[in-house]
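Engineer: Quick one: the structure is below, questions incoming.
Read-outs throughout are calculated quantities, based only on the coordinates presented, and are distinct from any laboratory measurement. Being a predicted model, the structure only gives us computed values, none of them experimental. Note that each Cβ is placed from the backbone with ideal geometry, even for glycine, and that neighbours are counted across all protein chains shown.
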Amino acid sequence: MAGVLGCGVLCVLIALCFAELSSMYDRSGGPYVYAGDAFGHHVGFAVGWLGMATGVLGLAAVSVGFAAALGRFVPAAATARAPIAVAVIVALGIINWRGVKQGGRTSTALSVVKITPLVIVALAGLRFAPRAPLALVPSDAISAAFLSIFMMSGFEYAAVPAGEVRDARRTVPLAVVGSICGASLLYALLQLAALGALPDVASREQPLPDVAARVLGSWAAPVVGVTALFSMLGFCAGVALVAPRYFTAMAEDGHLPRALTRLSPRGTPAAAICASTAFAAALAIVLGYASLVDVSNVVILSGYGLSCLAALTLRLRRPDAPRRYRPPLFVPVLALAAAVALLVSARPRAAEWTFAGLLLASGFFCRAATALARRWLGPRP
């Protein structure tokens, strides 16, 4: 419980940094744009590449998790996780290729379907709250907070398509802060209900349906199980919509091949959608769900820390730049310190750091190859 609450507080602090930064810009790219302005093109590209990678890793991880959860209802799915995950990723890629509206409506519809049952379970389970074991074990709290980062991440995605949002400097900050505050409250209530209703919830293979059955009755388990599937699909749909825009923003600035800016006849970033879809599908095949989550957390916290540092840097370098929102100075300071402390305290395995390093190195390799190809081929006519 303490870990989830701590993660929620951390994410709210980080979200306030994103609110300040997004109130300064109306261009698509989100963290990529902020870091580029604060630290220059090299760091900006690193943050943009990590942001894109976070989305693609999350899409791959949750698609694999969806296939695993589907096995509760369709036993055959348990032995076909990779094919099912790839099918989900490709299907969402096709939906987004057909149009931004189709992709946005798919994400919104799935989000609406998943929220209501979770709220009902959380509220119904509050009667078990007095039984919840709330003894604080620091090491367990840190571990839980680290794992919760993946669950609560994604609030920053609202800033990525800012160039396509009306009055982005006002709308995007509200969306970023509002989404993480709502998610933090919901997850904290669910955690409290789960611990009170099922003290052994951590050992359950499908904890949320089991909690629903305990607080609402046996009929609720399959309903919440299906809701969990919609929740996973909703996350995947949102990431599939946003991730290609990182590719496009970096390609527009010359860091990646210009081909990634090409649009389909329907006006969608077709080449970028194909690239992110292929990348996510490959990761879903070669990596398992748990390893993807761990690696994603390393990448997510690294990107968050750099974005918080960008907020501090721009306070010094551009103090008079127009900002619709300007949190007190201690907010970005605490957010940066908390992100770094959480990442260090969680002690990610060497393999996770290595994978994150290789991921970043692959980005700079692509950037260098793009620059070399343009030099060799010469400027476009």
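Engineer: If packing is taken as the average number of other Cβ atoms within 10 Å across a peptide's residues, how do 278-286, 235-243 rank, most packed first?
Structural biologist: So the peptides 278-286, 235-243, ranked by packing, come out 235-243, 278-286.
Engineer: So how do 312-323, 42-53, 221-232 stack up, highest first, on mean other-Cβ count within 10 Å?
Structural biologist: The densest-packed peptide leads the list: 42-53, 221-232, 312-323.
Engineer: Rounded if a/c is under 1.5, else prolate if a/b is larger than b/c, else oblate: which is the stretch 298-381, with a ≥ b ≥ c the root eigenvalues of its Cα gyration tensor?
Structural biologist: Oblate, since a/c reaches 1.5 and b/c is not below a/b.
Engineer: Round to the nearest 0.05 the FRET efficiency obtained for ARG98 and LEU185 when R0 = 35 Å and r is the Cβ-Cβ distance.
Structural biologist: About 0.50, to the nearest 0.05.
Engineer: Still on this structure: Once the mean 1/r over all distinct Cα pairs of the stretch 39-90 is inverted, what Kirkwood radius in angstroms do you read off?
Structural biologist: With all distinct Cα pairs of the stretch 39-90 included, I get 12.3 Å.
Engineer: With Cβ to Cβ distances under 14 Å as the rule, what net charge do the other residues near VAL223 carry (K, R +1; D, E -1)?
Structural biologist: +2
Engineer: Rounded to the nearest 0.05, what FRET efficiency do THR79 and ARG170 give with R0 = 45 Å and r taken as the Cβ-Cβ distance? Could you check?
Structural biologist: The value I calculate is 0.35.
Engineer: If you don't mind, there's one more thing I want to ask. Modelled label-to-label distance, VAL333 and ALA278, 7 Å Cα→beta-carbon offset: nm?
Structural biologist: About 4.8 nm separates the two model spin labels.
Engineer: Continuing with this model, one more query. Taking 0.36 nm per intervening residue step and subtracting the Cα-Cα distance, what contour gain separates LEU316 from ARG374 on full extension?
Structural biologist: Contour length minus the Cα-Cα distance gives 17.3 nm.
Engineer: OK, next. Packing-wise, with mean Cβ within 10 Å as the measure, how do 69-82, 173-186 rank, highest first?
Structural biologist: 173-186, 69-82
Engineer: Could you calculate the FRET efficiency of ARG266 with ALA87 from 1/(1 + (r/R0)^6), where r is the beta carbon distance between them and R0 is 25 Å, rounded to 0.05?
Structural biologist: 0.65
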